[in-house]
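J.: Here's a structure for you.
The values are calculated or read from the model by the stated rules, or taken from the named source; none is laboratory data. Bear in mind the structure is a predicted one, so any value in this text is a computation, not a measurement. Neighbour counts are summed over all protein chains in view; Cβ atoms, including those assigned to glycine, are modelled from backbone coordinates with ideal geometry. Note: areas computed on protein heavy atoms with side chains; ligands, DNA, RNA excluded. Shrake-Rupley method; radii C 1.70, N 1.55, O 1.52, S 1.80 Å.
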Amino acid sequence: MYRIGQEEIDAVKTVIETKDFFKVNGSLQSCYKLEEALKNRFGVNHASFVTSGFGALVSALIGFGIGPGDEVIVPAYTYIATAMAVVNVGAIPVIAEIDETLGLDPDDFEKKISKYTKAVIPVHMQGMPCNMDRICEIAAKHGIKVLEDACQANGASFGGKLLGSIGDAGALSFNFFKIISCGEGGALLTKDSSIYEKACIYQDSSAIAYFGDQMNGFSQLSFCGNEYRGNEILAAIMCCQLEKLDSIVADLRRNKAKLLSLLGDVCVAPSNDSDGDCGIQIPFRFDTYEKAKAFSEKTGQMLLYNCGKHVYYDWAPIMEKRGAAHELMNPYNMPANKDLNHNYSPDMCPKSLDLLKRTVTYGISPDWTDEEIEATAEKIKSILNS
Ligand SMILES: Cc1ncc(COP(=O)(O)O)c(C=O)c1O
């Protein structure tokens, strides 16, 4: 979260004064306004404000009809929540390599497709767009659904299209660490009504059937699901945050461009769309792990190999197949998943490990002054030349 202030305080105050916090049929309808704003911004027919990015991912998978017997391809570099969302619906995450851009490697994605594969989740890590043209082309060829995990990429785009709006569905996160935030929150985006209906029933399982007219016009029958319903206070904050998104991303991009121009000839990871990158960091790429580690230690910036729970080898509950609290609900024990690809090992994605060992992301602030950018450039240059 970068910018929060009086606008959000006033919006929350207004909701509190109404004492009306419930999403469904509330008098202020902040949730409704937020969902309309998301639909307009992303050019999708449906948007649903939920309690987390995880809730958005899980409900999208439910919307796709994914469950036991299905494989879903996820990248080796993503937050553990992406893989956990797959397990949460009873399916098996199959882990594929990333490429030089740090996004899902389209070639390895295609190699990992089996007769059980039903979906792929490209993850736009740290605002860096995946190669959505190739991923969508391969997915279409094999009849596989695409769920974009844009939880770390609010405001970024690929080929002029906002991330989260390109695949069959997209998930956004508004947790504290994201570009815009209400503390905890997320959104599901989709153009497809049947995905939306199933996802909505799942994420608002008890209220949707019993309050208001939310299911009017639905062709899906209700079923027992979960509760990831957003609320009016958080939605009021998010309406303000969404209005700030363009200026935050513009300032991030400007500061990143200025820092890069001052640095001159430095080695950074290639981008699938450098204009679409949202500018939260510069991915420095070194030729050895030792050099990357030294740069990370001297700058205090993140060496991606050691970035806790963002690399598959560190996803203990997945790697050790603890897929649920109850043994019979653990997808790794389910008969339907017996023949699926869950032969995980710490060294199963060597290309990803090599890239992550040699990459350090340097965080950008949208609020840096020109003097601060110049000082940062000098500091980086002296460390690189030492
Ligand atoms: C790539 C990615 N996917 C999913 C999530 C889950 O989002 P949330 O914390 O809102 O559930 C996160 C959260 O940090 C994330 O970084």
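J.: Lys145's amide H: which non-local residues (gap 5+, or another chain) put their own amide H closer than 5 Å, with H modeled 1.01 Å from N in plane and none for Pro or chain starts?
T.: So Lys145 has HN proximity to Ala119, Val120.
J.: Now for a different question. Provide the per-residue ³J(HN,Hα) series for region 260-268, in order, calculated from phi with Karplus coefficients 6.51, -1.76, 1.60 and θ = phi - 60°, each as a whole number of Hz, with x at glycine and proline positions.
T.: Ordered by residue, 3J(HN,Hα) equals 4, 5, 6, 6, x, 8, 10, 8, 10 Hz.
J.: Suppose only helical runs count, i.e. DSSP H with n ≥ 4. What mean residue ellipticity at 222 nm does that imply for the chain under -39500 (n - 2.57) per run, divided by all residues and rounded to the nearest 500 deg cm²/dmol?
T.: Computed ellipticity for the chain at 222 nm equals -12000 deg cm²/dmol.
J.: Just the Cα atoms of region 75-191, one point each, no solvent: what log10 I(q)/I(0) does Debye give at q = 0.15 Å⁻¹?
T.: Reported log10 I(q)/I(0), two decimals: -0.60.
J.: Can you compute 3J(HN,Hα) from phi for each residue in region 349-361, using the Karplus curve 6.51 cos²θ - 1.76 cosθ + 1.60 with θ = phi - 60°, rounded to whole Hz and x for Gly and Pro?
T.: Values, residue by residue: 10, x, 5, 5, 4, 4, 5, 5, 6, 10, 10, 10, 9 Hz.
J.: Full extension from Ile233 to Ser261: what is 0.36 nm times the residue separation minus their Cα-Cα distance, to one decimal in nm?
T.: Gain in length upon complete extension: 5.9 nm.
J.: Carbon and sulfur atoms: what percent of the 1.4 Å accessible area of the chain do they account for?
T.: 52
J.: Going down the table (Lys309/Lys381; Lys291/Lys351; Lys309/Lys357; Lys298/Lys357; Lys145/Lys244; Lys115/Lys309), which pairs top 20 Å between alpha carbons? Don't skip to the end; give the middle numbers.
T.: Numbers: Lys309/Lys381 30 Å; Lys291/Lys351 18 Å; Lys309/Lys357 15 Å; Lys298/Lys357 16 Å; Lys145/Lys244 32 Å; Lys115/Lys309 29 Å.
From the list (Lys309/Lys381; Lys291/Lys351; Lys309/Lys357; Lys298/Lys357; Lys145/Lys244; Lys115/Lys309), the Cα-Cα distance tops 20 Å for Lys309/Lys381; Lys145/Lys244; Lys115/Lys309.
J.: Now for a different question. Roughly how many debye, to the nearest 20, is the charge dipole of the chain about its Cα centre, given +1 on each Lys and Arg Cβ, -1 on each Asp and Glu Cβ, and no other charges?
T.: The dipole of the chain has a size of about 440 debye.
J.: Quick one: accessible area per residue over the chain, 1.4 Å probe, rounded to a whole number of Å²? Mind showing how you got there, number by number?
T.: Numbers: 16180 Å² over 386 residues.
Result: 42 Å² per residue.
J.: Then there's this: Starting from the Cα-Cα distance between Asp213 and Ala316, subtract it from 0.36 nm times their residue separation and give me the gain in nm to one decimal.
T.: Roughly 32.9 nm would be gained on extension.
J.: Next question. If you count the DSSP beta bridges with both ends in region 112-218, what percent of them are antiparallel, to the nearest 5?
T.: 50
J.: How large are Rg and Dmax for region 222-327 when calculated on the C-alpha trace, in angstrom?
T.: Cα only, region 222-327: 20.1, 58 Å (Rg, Dmax).
J.: Under 1.5 on a/c is rounded, so check that first for region 20-105, then, if it is not, pick prolate when a/b is larger than b/c and oblate when it is not; a ≥ b ≥ c are the square roots of the alpha carbon gyration tensor eigenvalues.
T.: Prolate is the answer for region 20-105, as a/c is 1.5 or above and a/b outweighs b/c.
J.: Place the peptides 380-386, 289-295 in order of packing, highest mean first, counting for every residue the other Cβ atoms within 10 Å and averaging per peptide.
T.: 289-295, 380-386
J.: Determine ³J(HN,Hα), in whole Hz, for all residues of region 250-256 in sequence, where each value follows from phi through the Karplus function 6.51 cos²θ - 1.76 cosθ + 1.60 and θ = phi - 60°; x replaces Gly and Pro.
T.: Going residue by residue, I get 4, 5, 4, 5, 5, 5, 5 Hz, with x marking Gly and Pro.
J.: Across bins of 10 angstrom width beginning at 0, how are the C-alpha pair distances of the chain distributed, in whole percent?
T.: Spelled out per bin, shortest first, that is 5, 23, 32, 25, 12, 3, 0.
J.: Counting DSSP beta bridges with both partners in the chain, what percentage is antiparallel, nearest 5? Don't skip to the answer; put the middle values down first.
T.: Details: 24 of 39 bridges.
If we restrict to bridges inside the chain, about 60 percent are antiparallel.
J.: Report the Cα centroid-to-centroid distance between region 113-133 and region 224-240 in angstrom, as an integer.
T.: First find each Cα centre; the distance between them is then 26 Å.
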